[in-house]
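J.: First the structure, then my questions, so here it is.
The values are calculated or read from the model by the stated rules, or taken from the named source; none is laboratory data. Predicted, not measured: the structure shown is a model, and the values here were computed from it. Neighbour counts run over all protein chains shown; Cβ positions are idealised from the backbone, glycine included.
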Ligand code: 3PG
């Protein structure tokens, strides 16, 4: 159920779960994407004549009031982006919040303090959810990136008030459906990042769904090692070699082509501008050598594979993209994916932590079909797990 399914909202108070868990330094928001993605829902509700009460968590205060984890610093940024005043309630439940909400005019906005200051939030305590429910008439969940948590404000409330998906939630779900739910085939995945162990469930789920899967980053080293290829002193989980071989066998059995790097960029130290050299997979490496990026032949293979695909789902960089020149493969592949997406021939969806940073670094985040704001929720969705916050919104 989306906001378009909601009956007349004029005069109602909408309790909106947003994800304002934004990067902050010294009490200042340093990256405001998650504030921006909440604006369409907030504005839609304001335009409909509703009062908007925003609920969010920040960091992990574990049920205690931790002043450094207050949401207060978000208020200025939000007011600026909205072009409207935002009142701040110093506790997310109780009489003070109730009075403040009753006092704001229709179309007004209140931000509640960090819901995780109460232990009932993460415990999904029905009594705490009921206290939140007292503050509004309808519940809107616009926090896809927190939907993997079955907490009071992300799940419990959906059972207590008429519940709807907000605009950002709807956009995320539509994009994810286009990428893995009902994708146009062939579907290609790119999974990178440091460790196989953190992405085991994800890899197992994907090999059953994709036509081809490119594995990059540190985790590719584990797969190469498992195939007897010399990886020198590279980062790898050597004890996961059996698991890597099992995943490769499963992929073969399910008809998913696995693309591992066929050449690399190797250096002995990970620092900007470090001397590096190209190496073809299978050549001997020394114990000091570290594979830090995919090489040009690997990039060319990925570019060809992308050109032959209709859908891309991307999680994780292909090399140590934070340290140039080891960003070369990630940037080149990102540019190609974004160009195909812009030309309308590839549905290109990326998400999860580092991926967003890598796409921004490549300067192509805006050209992708969709870039998710989610970290953990994106990964759990790629693992094929139901997300409690989304399930609770189903009719
Ligand atoms: C995120 O930043 O991924 C979400 O806000 C969820 O935060 P959490 O991992 O603390 O639940």
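J.: Report yes if some residue within the stretch 375-384 is modelled with pLDDT under 95 and away from the ligand (no atom under 16 Å from the Cβ); otherwise report no.
T.: Checked against the condition, which is being modelled with pLDDT under 95 and away from the ligand (no atom under 16 Å from the Cβ), the stretch 375-384 yields at least one hit.
J.: Take the residues in the stretch 154-189 that are buried (at least 23 other Cβ atoms within 10 Å of the Cβ) and farther than 25 Å from residue 202 by Cβ; name whichever of them is farthest from the ligand (Cβ to nearest atom).
T.: 164
J.: A further question on this structure: Can you name every one of the strands (runs of 3 or more DSSP E) wholly within the stretch 193-282 that holds 2 or more residues which are more than 23 Å from residue 353 (Cβ to Cβ)?
T.: The strands (runs of 3 or more DSSP E) meeting that bar are 263-267, 276-280.
J.: Restricting to the stretch 10-56, and then to whatever is farther than 27 Å from residue 356 by Cα and in a helix (DSSP H, G or I), can you tell me which residue is farthest from the chain's Cα centre (by Cα)?
T.: Ranking the candidates gives 47 first.
J.: Give the stretch 115-153 a look and list any residue that's in a helix (DSSP H, G or I), in contact with a helix residue (DSSP H, G or I) (Cβ under 7 Å, 6 or more places away or on another chain) and either within 16 Å of the ligand (Cβ to nearest atom) or not assigned by TED's automatic domain parsing to the domain that holds residue 8 (or both), or say none.
T.: Across the stretch 115-153, the qualifying residues are 115, 116, 120, 121, 122, 144, 145, 146.
J.: Suppose we filter 44, 64 for residues that are in the same structural domain as residue 166 (by TED's automatic domain parsing), loosely packed, with under 14 Cβ neighbours inside 10 Å and at pLDDT 95 or above; which single one remains?
T.: Only one candidate qualifies: 64.
J.: Of the residues 60, 46, which single one is over 17 Å from residue 132 (Cα atoms) and within 16 Å of the ligand (Cβ to nearest atom)?
T.: 60
J.: While we're on this one: Sort out which residues of the stretch 21-43 are over 30 Å from residue 6 (Cα atoms) and within 15 Å of the ligand (Cβ to nearest atom), and write them in order of number.
T.: The answer is 23, 24, 29, 30, 31.
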